[in-house]
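Everything on this sheet refers to the single structure shown next.
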Ligand SMILES: C[S@@+](CC[C@H](N)C(=O)[O-])C[C@H]1O[C@@H](n2cnc3c(N)ncnc32)[C@H](O)[C@@H]1O
């Protein structure tokens, strides 16, 4: 077995053992530990949240007085008291007011692991993923509080630096990361953004 396959299997088994919906959960755990992304009592929005690994991790980190609002085209049912889910396209026009109503105000943290169904054609997948990411960034400008944090997935490609430039301007701290649970072969990178200006 190749090393990459062994690592993927390791995280898949670990997710099962710990009761996480996906091995993606470990990407958020790793970044949150390293950067202190999510705190107790925070209000978090998670875009592209199904099947819910990140939601489970965020729910643990914010605790019973925090809130996680999960948005996805697919349903997410986790039975957690501090989680609300919205089954919708992020591009839907009423997304920002709907989210504001759920949060009763602004968010402390925005997460996005959003990705279209991949076709295998890198350029096309990159463009479609960046389009969705730009929608998330627009929503972030309307919903994230000053001083708030974010972690955003982006597929590498031509428009990667454009996304980085926008986020660098928006936040005091910015870092590009590749969590251990992310497949080496995949083009995804995660942008950790702290303290919105
Ligand atoms: C890699 S998965 C997210 C995994 C998740 N972070 C976890 O921990 O389980 C990407 C998600 O983005 C969602 N997605 C893709 N396009 C979307 C859109 N236009 N609106 C909302 N969600 C979308 C997909 O349905 C998919 O569930």
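The values are calculated or read from the model by the stated rules, or taken from the named source; none is laboratory data. Given the structure is predicted, the values throughout are model-derived calculations rather than measurements. Virtual Cβ from ideal backbone geometry, glycine too; neighbours counted across all protein chains shown.
At a glance:
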read-out	value
Filtered residues of the range 160-197 (kept if within 18 Å of residue 115 (Cα to Cα), modelled with pLDDT of 95 or more and part of a loop (DSSP other than H, G, I, E, B))	none
Qualifying strands (runs of 3 or more DSSP E) (wholly inside the range 1-120; at least 2 residues being farther than 23 Å from residue 190 by Cα and within 14 Å of the ligand (Cβ to nearest atom))	83-87
Top-ranked residue in the range 121-136 [being more than 14 Å from the ligand (Cβ to nearest atom) and either in contact (Cβ under 8 Å) with a residue 40 or more places away in the chain or within 18 Å of residue 46 (Cβ to Cβ) (or both); ranked as surrounded by the fewest Cβ atoms within 10 Å (Cβ to Cβ)]	122
